[in-house]
1. With a sphere of radius 9 Å drawn around the Cβ of A:TYR30, what net charge do the other residues whose Cβ falls strictly inside it have (Lys, Arg +1; Asp, Glu -1)?
2. With the Cα gyration tensor of the stretch A:12-58 in hand, give its eigenvalues times 5 under a square root as the equivalent ellipsoid semi-axes, listed largest first in whole angstrom.
3. Write down the Å³ per residue value for the convex hull defined by the alpha carbon atoms of the stretch B:29-100.
4. Would you kindly derive the ³J(HN,Hα) couplings of the stretch A:67-80 from the backbone phi angles with the Karplus curve 6.51 cos²θ - 1.76 cosθ + 1.60 (θ = phi - 60°), listing them in order in whole Hz, with x for Gly and Pro?
5. From the P(r) of the stretch A:1-89, can you give the percent of Cα pairs sitting at distances over 22 Å?
6. If packing is taken as the mean number of other Cβ atoms within 10 Å per residue, what is the order of A:53-61, A:120-128, A:3-11, highest first?
7. Taking the convex hull of the alpha carbon atoms in the stretch A:2-151, what volume per residue do you get, in Å³?
8. Just counting partner chain Cβ atoms within 10 Å, what average do the residues of peptide B:69-76 show around their Cβ?
Amino acid sequence: MKLTRRPGGRLVVELGRREGNLLLLVLKQYPCLPPAHQPLSKSGLLPNQQDTQQLLDEALAEQRAECKKQLRALLADPQRFKKKTDGYRLSLSPGDAEWLLQVLNDIRVGSWVILGSPEGRVEGLNVENAKNYWAMEMAGAFQAELVAALDDEWDGP
Amino acid sequence: MAATATPEVVPGVIQDTENKPKSGLEPGYLVICWNDPVNYMHYVTHVFQVVFGWQRKKAEFHMLQVHEQGKSVLTRESMEKAEHYVHQLQKYSLHATMERDE
């Protein structure tokens, strides 16, 4: 996997065939986080908390639906996702890179939740949950590469 | 050192600061990020930079606070702004909540 920055902030990701196929398999897991997973507040002392929580859950559900749409459009656009003889080329605008990070981390955190939110090492791997462990690790690996490439140039406004 | 002024109380007005409800416009809400074992440190730093527009140094300071102390108060805002920031952070699947600043 090779990432390069182009003028204008575009990020070009060159993937070998196996890497590209792996990324496609990981992205198929999206969305992975259970809906209404995150509380707005831990203390429960906010005014109209139930209503505000509902609004937050709806906003996050809409955002996930939008990300799913953007992901489908990206993978169907040969200008941005090109299959080559030896692999794939992904061309991302800075905006694309941000929502792709959100997608990858949804898969990572969602897989971790499915695994029982372990504090340390994942215990009790079996045929059923191995795919979640794999998705968590692979999404994390792609995410780390993307963050490293983005932060090369980003040091705040 | 200047002497402390005696507070003036207007007759007929009862001052009740303890039970005063926080208005939505008052910056009385804390946006907190909590530690979890799944989010990578560089990712958390990146998200803080994007969501708050912080320099890397400030974002790293708060990320380390989350990592070492279990949580970090990222900002103190009005209710609406705090909701906005929690939404932005949760979009990136960070463990963020808002709490009243008691």
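1. Details: positive: A:LYS28, A:ARG64, A:LYS68; negative: A:ASP106.
Cβ neighbours under 9 Å give a net charge of +2.
2. Value: 39, 10, 8 Å, ordered largest first.
3. Each residue corresponds to 70 Å³ of Cα convex hull volume.
4. Once rounded to whole Hz, the list reads 4, 5, 5, 5, 5, 4, 5, 4, 6, 9, 9, x, 5, 10.
5. So the portion of pairs separated by more than 22 Å is 48 percent.
6. Values: A:53-61: 15.7, A:120-128: 9.0, A:3-11: 12.6.
Listed from highest to lowest mean packing, they are A:53-61, A:3-11, A:120-128.
7. Numbers: hull volume 21.6 nm³, N = 150.
So the per-residue hull volume is 144 Å³.
8. Values: counts 0, 0, 1, 0, 0, 0, 0, 0.
Other-chain Cβ atoms within 10 Å of each residue's Cβ, averaged: 0.
Taken together, the values in this text are just the output of simple stated rules run on the coordinates, not laboratory data. Everything numeric in this text was worked out from a predicted model, so none of it was measured. All Cβ positions, even for glycine, are placed from backbone atoms using ideal geometry, and neighbour counts span all protein chains on display.
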